[in-house]
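K.L.:
Let me begin by handing over the structure; questions about it come next.
The values are calculated or read from the model by the stated rules, or taken from the named source; none is laboratory data. Here the structure is a predicted model, which means the values were calculated and not measured. No Cβ is skipped: glycine too gets one built from the backbone with ideal geometry, and neighbour counts run over all protein chains shown. We work out accessible area using only protein heavy atoms, side chains counted, and drop any ligands, DNA or RNA first. Shrake-Rupley method; radii C 1.70, N 1.55, O 1.52, S 1.80 Å.
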Amino acid sequence: MADAERIPGFDTLAIHAGAKPDPTTGARATPIYQTASYVFDDVDHAASLFGLQAFGNIYTRIGNPTCAVLEERVAALEGGTAGLAVASGHAAQVLVMQALLMPGDEFIASRKLYGGSINQFNHAFKSFGWNVVWADPDDISSFERAVTPKTKAIFVESIANPGGTVTDLEPIGAIARKAGVPFIVDNTLATPYLCKPIDFGADIVVHSLTKFLGGHGNSIGGIIIDAGTFNWSRDKKYPMLCEPRPEYAGIVLHETFGNFAFAIACRVLGLRDLGPALSPFNAFLISTGIETLPLRMQRHCDNALAVADFLSTHPNVAWVSYGGLAGDKYHGLAKKYVPKGCGAVMTVGLKGGYDAGVKLVSNVKLFSHLANIGDTKSLIIHPASTTHRQLSDEQKTKAGAGPDVVRLSIGIEDKADIIADLDQGLRA
Amino acid sequence: MNHDSYPDTYIRGILNTVKTVAMVGFSPNTTRPSYFVFKYLLERGFKVIPINPGQAGKEFLGQTCYAALNDVPEPIDMVDIFRASEHVMPIVEDALKLQPKPQVIWTQLTVRNDEAAAVAEAAGLKVVMNRCPKIEYGRLSSEISWMGINSRTLSNKRAQNLGGGFQRMGLGEAGGKKND
Ligand SMILES: Cc1ncc(COP(=O)(O)O)c(C=O)c1O
């Protein structure tokens, strides 16, 4: 930029960060580097790349120039030092925990999480010996009480899926700092447009890019952002970062890569060895989506608030859970952490119970009945008859997916059309 | 100079000007950060002279290692210090005795000595502390962006290929314009 020291604003970064004109062709849109591999300049260059002595591309499982644009862009938007894009939000969580935990270690996670993450932590991660200890975000001291010498990380969602509830990041971050472990925030529902967790103490931010960042329901992807804030060498608790790595002839990643060592560890150990690479085509679609993130996200929030307002006085609706609503339990936290709006996802309790839920998802004409959030299109799901079907009623209610609950992800269509569709669906 | 945050123009100016770098605290161990930087800067066209009393007289990647700065038989533009912060002052004092004087004192990540910096600056030298020239070069040339690192730079010009390979970028921009 002409004024080199001017700090660009969020909307400018959403469009430009990571995406200089292509060095080879001058292409202004980011080219899709649909290649598995890259020719080495010479034998010495190959050796430098494999030894991590040079920056560059080897093989698309480890890095790809199209994916790199996405990585740098989200890192810039979150205010982090580096990013690593991977095949899905779930893959991002696997790589983060694999870099931090050894079998037998523990991590503390908020009970209020996306159901898929609860499953991943309770079952897949336990089978790796990474033991989740659940804490209650409505009782911050439960995080402190859960800390043991085996604790290696604390994990929360900024806005939790599905109830649109807001997590009090700052005090939980303080507990992580006191325990000497990194604070990981899944910022999928808020996106950096609404909340930058690094400003509130996050050391690592993860996303499902599938949702609002990509924004169009066309690609699965995930990303890990390194805040560059954690001192990996201080307590010698994280051997992937602070000990010589046999995989790389004894390199110590933290001393070599400083404040972006975590992102490098996830790439050159996690992604290289576990393999969930993002397709460059998906990276292209997602980074194109991000260019309009500020516009879309504001519209999502404005529409969602109007819908929540409408539903909260609807005769067939018992309750609405959405932190953006003035009377909501989480409204105070919403004003602090997501002042521009509380995102697009909410849950709604129907007076008619299970049958009313089934009827609503069948009767809507604009909303799509499917398992996803964060599309331009309005989406609806009745967890009790779909994702949470196998649970008992009691288990369903505990998971916030009681028989009367529907989850909405409000799109960016005309809000009058969204409201009219719900109204006719509820009354039909 | 404010040593908490350097303008990109300052760093770019230094990396665009200096040609000969003496690396104090060079390690011959190929997995140590100093060796990474040594090799990388050589590949980017700098002349890099390793300084390490235990390795004096040996050659690394074709470069003769010397025991101390004042053993180096040619002018040094920049002294890059890979020693703990408390060892920086005597190295700066040695550097200031050189004829001609170097233009720049650079200390690596985590290495910072404000007293030594003040002495060097009073003698007219530029100082960069707690930074890595490999990372800064990679950041300003856009090479580091391939690793998903936040380069904290935006540009409407394409990065310039340095030649000698596909994945070697320079500090200017295509078309020959320097960015400062
Ligand atoms: C908050 C949150 N985190 C993580 C995920 C998992 O992401 P993905 O489906 O991209 O693996 C989801 C998906 O619904 C989510 O909503």
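K.L.:
Simple spin-label model, 7 Å along Cα-to-Cβ: B:ASN161 to B:GLU93 in nm?
P.N.:
Inter-label distance under the simple model: 5.0 nm.
K.L.:
Still on this model: Can you give me the three principal axis dimensions of region B:5-110 from its C-alpha atoms, in Å, biggest first?
P.N.:
If we take the Cα atoms of region B:5-110, the spans are 37, 29, 27 Å.
K.L.:
Let me ask something else. How much mean residue ellipticity at 222 nm does the protein assembly as shown get from its helices, if each DSSP H run of length 4 or more adds -39500 (n - 2.57) and you divide by all residues, to the nearest 500 deg cm²/dmol?
P.N.:
Result for the protein assembly as shown: -9000 deg cm²/dmol, rounded to the nearest 500.
K.L.:
With every protein chain in place, what's the accessible area of A:HIS369 (1.4 Å probe, Å², nearest 10)?
P.N.:
Its accessible surface works out to 100 Å², give or take rounding.
K.L.:
Shifting gears a bit: Express in Å², to the nearest 10, the accessible area of A:ARG177 obtained by rolling a 1.4 Å probe over the protein heavy atoms while all chains stay in place.
P.N.:
150
K.L.:
Can you tell me the FRET efficiency between B:ALA84 and B:ASP114 if r is taken as the Cβ-Cβ distance and R0 is 22 Å, rounded to the nearest 0.05? Working shown, then result.
P.N.:
Working: r = 15 Å, r/R0 = 0.67.
In this case the efficiency is close to 0.90.
K.L.:
I'd like the orientation of helix A:169-179 relative to chain A: the angle between its Cα long axis and the longest Cα principal axis, in ° from 0 to 90, rounded to 10.
P.N.:
So the inclination is approximately 40 degrees.
K.L.:
Residues of B:150-163, mean number of Cβ from any other protein chain within 10 Å of their own Cβ, rounded to a whole number? Don't jump to the answer; show the numbers that get you there.
P.N.:
On the way: counts 21, 7, 8, 9, 12, 5, 6, 4, 9, 5, 1, 2, 0, 0.
Partner Cβ neighbours, averaged per residue: 6.
K.L.:
Next question. Taking every DSSP beta bridge that has both residues in region A:10-289, what percent is antiparallel when rounded to the nearest 5? Intermediate results must be reported in sequence, preceding the final value.
P.N.:
Values: 14 of 29 bridges.
Expressed as a percentage, antiparallel bridges in region A:10-289 total about 50.
K.L.:
How would you order A:298-308, A:79-89, A:410-420 from highest to lowest mean count of nearby Cβ atoms within 10 Å?
P.N.:
A:79-89, A:298-308, A:410-420
K.L.:
Shifting gears a bit: Using C-alpha positions alone, give me the convex hull volume of region A:116-201 per residue in cubic angstrom.
P.N.:
Looking at region A:116-201, the number lands at 91 Å³ per residue.
K.L.:
Only loop residues by DSSP count here, and only those with at most 10 other Cβ atoms within 10 Å; note down the trypsin sites (Lys or Arg not before Pro) in region A:345-375 that meet that. All intermediate terms of the calculation are to be shown ahead of the outcome.
P.N.:
Details: sites: A:LYS351, A:LYS359, A:LYS365; in loops: A:LYS351, A:LYS365.
Answer in residue order: A:LYS365.
K.L.:
Below 20 Å, Cα to Cα, which aspartates and glutamates can A:LYS20 reach? Residues fewer than 8 away in the same chain don't count.
P.N.:
Qualifying aspartates and glutamates at Cα under 20 Å: A:ASP3, A:GLU5, A:ASP11, A:GLU71, A:GLU72, A:GLU78, A:GLU291, B:ASP8, B:GLU136, B:GLU143, B:GLU173, B:ASP180.
K.L.:
Which value in Å does the Kirkwood hydrodynamic radius of chain A take, with 1/r averaged over all unlike C-alpha pairs and then inverted? If you can, show how the numbers build up before the last one.
P.N.:
Details: mean 1/r = 0.0449 Å⁻¹.
Hydrodynamic radius (Kirkwood, Cα only) of chain A equals 22.3 Å.
K.L.:
Diagonalise the Cα gyration tensor of region A:1-45 and give the resulting equivalent ellipsoid semi-axes, square root of 5 times each eigenvalue, largest first, whole Å.
P.N.:
So the three semi-axes of region A:1-45 are 29, 15, 10 Å.
K.L.:
Can you give the accessible area of B:TYR66 in Å² (nearest 10), computed on protein heavy atoms with a 1.4 Å probe?
P.N.:
About 60 Å², ignoring ligands and nucleic acids.
K.L.:
Over all directions, how big on average is the projection of the convex hull of the alpha-carbon atoms in region A:45-148, in square nanometres?
P.N.:
Working: hull surface 35.0 nm².
The orientation-averaged projected area of the Cα hull of region A:45-148 comes to 8.8 nm².
K.L.:
Moving to a separate point now. Could you give me the percent of Cα pairs per 10 Å distance bin for chain B, shortest bin first, beginning at zero and ending with the bin that holds the maximum distance?
P.N.:
In whole percents, the pair-distance histogram is 9, 38, 36, 15, 1.
K.L.:
So what's the gap between the Cα centers of region A:301-370 and region A:63-91, to the nearest angstrom?
P.N.:
Each part reduced to its Cα centre gives a spacing of 31 Å.
K.L.:
Decide, for region A:335-428, between rounded, prolate and oblate: order the square roots of the alpha carbon gyration tensor eigenvalues as a ≥ b ≥ c, take rounded if a/c falls under 1.5, and otherwise choose prolate if a/b is larger than b/c, else oblate.
P.N.:
Here region A:335-428 falls in the oblate category.
K.L.:
If you count the DSSP beta bridges with both ends in chain B, what percent of them are antiparallel, to the nearest 5?
P.N.:
20
K.L.:
Inside 10 Å of the C-beta atoms of A:32-44, what's the mean count of C-beta atoms belonging to other chains?
P.N.:
The mean count of partner-chain Cβ atoms within 10 Å per residue comes to 2.
K.L.:
At 7 Å along the Cα-to-beta-carbon direction for both A:HIS216 and A:PHE128, put a label point, then send me their distance in nm to one decimal.
P.N.:
My value for the distance between the label points is 3.2 nm.
K.L.:
Right, something else. Peptide A:15-23: average number of partner chain Cβ atoms within 10 Å per residue?
P.N.:
Neighbouring Cβ atoms belonging to other protein chains average 6 per residue here.
K.L.:
Charges at C-beta only: +1 for Lys and Arg, -1 for Asp and Glu. How large is the resulting dipole of chain B about its Cα centre, in Debye rounded to 20? List each step's numbers first, then the result.
P.N.:
On the way: 21 positive and 18 negative charges, 142 e Å.
Value, rounded to 20: 680 debye.
K.L.:
Going toward the positive end of the dipole of chain A, with +1 on Lys and Arg Cβ and -1 on Asp and Glu Cβ, which of A:THR165, A:PHE257, A:ASN64 do you reach last?
P.N.:
Checking the options against the dipole of chain A, the answer is A:THR165.
K.L.:
Find the centroid of the Cα atoms in region B:7-55 and in region A:251-283, then give the distance between the two in whole Å.
P.N.:
So the separation of the two Cα centres works out to 25 Å.
K.L.:
Follow-up question, since we're still on this one. If the limit is 20 Å between Cα atoms, which of A:LYS126/A:LYS150; A:LYS152/A:LYS211; B:LYS101/B:LYS134 go over it?
P.N.:
A:LYS152/A:LYS211; B:LYS101/B:LYS134
K.L.:
Put +1 on the Cβ of every Lys and Arg and -1 on every Asp and Glu Cβ in chain B; which of B:GLY170, B:ALA84, B:PRO50 then has its Cα farthest towards the positive end of the dipole?
P.N.:
B:GLY170
K.L.:
By DSSP, what percent of the beta bridges with both residues in the protein assembly as shown are antiparallel, rounded to the nearest 5?
P.N.:
50
K.L.:
From the residues A:VAL156, A:TYR354, A:ASN122, which one has its Cα farthest along the dipole of chain A in the positive direction, the dipole being from +1 and -1 charges on Cβ of Lys/Arg and Asp/Glu about the Cα centre?
P.N.:
With unit charges placed on the Cβ atoms, the residue in question is A:TYR354.
K.L.:
Another one. Take every Cα-Cα distance within region B:13-71, group them into 10 Å bins from 0 onward, and report for each bin the whole-number percent of pairs it holds.
P.N.:
Result, from short to long distances: 25, 57, 18, 1 percent.
K.L.:
Which values of log₁₀ I(q)/I(0), to two decimal places, follow from the Debye formula for region A:197-259 at q = 0.20 Å⁻¹ with a uniform point scatterer at every Cα?
P.N.:
These q points yield log10 I(q)/I(0) values of -0.84.
K.L.:
Let me spell out the model: positive unit charges on the Cβ of Lys and Arg, negative unit charges on the Cβ of Asp and Glu, origin at the Cα centre of the protein assembly as shown. What dipole size does that give, in debye rounded to 20?
P.N.:
Its charge dipole is roughly 520 debye.
K.L.:
Right, another one. What are the residues whose amide H is under 5 Å from the amide H of A:TRP319, where those residues sit 5 or more places off or on another chain and H is modelled from the backbone?
P.N.:
Excluding prolines and chain starts, which carry no amide H, the hits are A:GLY349.
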